[in-house]
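The values are calculated or read from the model by the stated rules, or taken from the named source; none is laboratory data. What you are looking at is a predicted structure, and each value in this text was computed from that prediction instead of being measured. Neighbour counts run over all protein chains shown; Cβ positions are idealised from the backbone, glycine included. Remember, those area values only see protein heavy atoms, side chains included, never the ligands or the DNA or RNA. Shrake-Rupley method; radii C 1.70, N 1.55, O 1.52, S 1.80 Å.
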Amino acid sequence: MEGSADTEEPLLLPLALSRFQISEEFGFLLPDPLTELPAPYSPWMDIARELPQLITSHQLRSRVHQMPQLSPQQLRGREELHLAHLVLSFITMGYVWQEGEEGTVQVLPRNLAVPFWEVSQALGLPPILSHADFVLANWRRKDPNGPLEIENLDTIITLPGGESLRGFILVTLLVEKAAVPGIKAITQALGATLQGDEESLHRALEELAGAIEAMREALRRMHDYVDPEVFYSVIRIFLSGRLPAQDEAVHAPGTPSLRGADPRRGVPAAPGALLGGRAAPRRLQPLRVGAGRVQVLPHHHGHQVHRRGGRQSQGQAGRAERQGRPRCGKAAVGPGG
């Protein structure tokens with residue numbers, strides 16, 4: 001036993017950040033994100049560039065209904081996919097919340113829901129506006145050769161909220177940038193621990209502590225760039241989700257969750273405001289696309305995305321029966337669904 005123990009190789013961890021798509025220079029930020037999609041996707045980009053005006057003028061939903069249904073098959077590489085996800089997630093949130101908290105919708109048009117889900121699947125991201133879109137992939141330098149400072153930064157896609165929204169995104173970005181030395185220090189600390197190198201471990205922990213303080217300093221700038229009233233009354237709405245659990249009954253037939261519809265048809269008003277909220281906001285549930293439907297998963301699924309056929313799972317059916325609700329059938333998606 002002792003002989004075999006002596007011949008065991010030392011435990012080594014895969015400490016290269018690139019293995020986890022973490023940049024040595026930018027950390028979790030997407031390094032120098034693309035700002036333009038290929039020409040075939042100009043309908044998406046044209047709408048995304050006008051989002052604040054289209055939302056405030058109550059024209060976004062009609063513009064989305066006129067948008068062609070595009071396939072993401074021509075997107076090449078993760079950079080183009082990330083920009084597409086950013087664009088579609090912002091359009092989706094603008095579409096849902098165009099009329100504010102009292103005017104949300106149950107239905108996403110198929111020409112928006114299907115490509116959004118397909119791009120999400122390709123990236124392994126949930127089909128919802130997330131931190132990965134809102135901040136990590138939503139930045140550009142004004143001067144390409146200038147520093148990564150707030151004066152030289154801008155967002156790629158925006159929503160209503162003006163300078164407060166810009167500040168909220170970019171200050172959060174600076175917090176992410178300040179974290180980079182700490183991320184690298186963590187890997188150094190792990191390596192030093194494995195090698196029993198106390199001096200290197202001490203240096204790594206000091207570096208980590210410095211990064212945490214730098215993150216705090218960056219976060220304090222939120223007070224300088226974000227108006228709390230604008231955040232609460234405007235920005236927060238687009239980051240909101242669905243109603244609390246007491247409104248679960250809207251999952252019954254006749255009030256299905258978010259589903260693909262013919263973009264030429266009108267969008268019905270939400271009787272239960274499934275995606276909206278007069279109460280405290282919850283996260284918007286991710287889409288599920290099965291045979292002939294695009295819908296939001298029940299709350300207990302969190303951010304998992306499942307691809308299934310038209311049949312309801314046994315677990316879902318059992319939960320519906322236990323709660324005294326009829327089983328939910330297919331949700332139609334319009335012609336061609």
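Is it the case that segment 212-222 has a residue that's under 23 Å from the mean Cα position of the chain (by Cα) and free of Cβ contacts under 8 Å to residues at least 24 places away in the same chain? Taking every residue of segment 212-222 in turn, none turns out to be under 23 Å from the mean Cα position of the chain (by Cα) and free of Cβ contacts under 8 Å to residues at least 24 places away in the same chain. Taken over segment 167-197, the residue count meeting the criterion of being outside any helix (DSSP H, G or I) and in contact (Cβ under 8 Å) with a residue 60 or more places away in the chain is 1. Put simply, of 120, 200, 164 the only residue that is within 22 Å of residue 50 (Cα to Cα), in a helix (DSSP H, G or I) and among the small types (Gly, Ala, Ser) is 164. Would a scan of segment 158-165 turn up a residue that is open to solvent by less than 10 Å² (accessible area, probe 1.4 Å), under 17 Å from residue 59 (Cα atoms) and touching a helix residue (DSSP H, G or I) at 6+ places or on another chain (Cβ under 7 Å)? For segment 158-165, residues open to solvent by less than 10 Å² (accessible area, probe 1.4 Å), under 17 Å from residue 59 (Cα atoms) and touching a helix residue (DSSP H, G or I) at 6+ places or on another chain (Cβ under 7 Å): present. Screening 18, 71 for residues that are over 24 Å from residue 238 (Cα atoms) and either at pLDDT below 95 or open to solvent by less than 40 Å² (accessible area, probe 1.4 Å) (or both) leaves exactly one candidate, 18.
Being open to solvent by less than 60 Å² (accessible area, probe 1.4 Å), farther than 30 Å from residue 184 by Cβ, at pLDDT below 95 and in a loop (DSSP other than H, G, I, E, B) holds for only one residue in 260, 276, and it is 276. Among the criteria (1) in contact (Cβ under 8 Å) with a residue 40 or more places away in the chain; (2) more than 16 Å from residue 43 (Cα to Cα), the one residue 76 does not fulfil is (1). Looking at segment 213-232, which of its residues are more than 19 Å from residue 151 (Cβ to Cβ), surrounded by fewer than 13 Cβ atoms within 10 Å (Cβ to Cβ) and not basic (Lys, Arg)? If the condition is that a residue be more than 19 Å from residue 151 (Cβ to Cβ), surrounded by fewer than 13 Cβ atoms within 10 Å (Cβ to Cβ) and not basic (Lys, Arg), then 213, 228, 229, 232 are the ones that fit.
So is residue 127 open to solvent by less than 50 Å² (accessible area, probe 1.4 Å), touching a strand residue (DSSP E or B) at 6+ places or on another chain (Cβ under 9 Å) and assigned to a loop (DSSP other than H, G, I, E, B) or not? Can you show your working first?
Details: open to solvent by less than 50 Å² (accessible area, probe 1.4 Å): yes; touching a strand residue (DSSP E or B) at 6+ places or on another chain (Cβ under 9 Å): yes; assigned to a loop (DSSP other than H, G, I, E, B): yes.
The answer is yes for residue 127.
Yes or no, residue by residue, for (1) touching a strand residue (DSSP E or B) at 6+ places or on another chain (Cβ under 6 Å); (2) within 20 Å of residue 136 (Cα to Cα); (3) exposed (fewer than 15 other Cβ atoms within 10 Å of the Cβ):
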residue	(1), (2), (3)
23	no, yes, no
29	no, yes, no
45	no, yes, no
58	no, no, yes
63	no, no, no
76	no, yes, yes
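A residue that is touching a Pro at 6+ places or on another chain (Cβ under 7 Å) and in a helix (DSSP H, G or I) occurs somewhere in segment 91-111. Considering only residues in segment 225-253 that are charged (D, E, K, R) and at pLDDT below 95, the one that is nearest to residue 175 (Cα to Cα) turns out to be 236.
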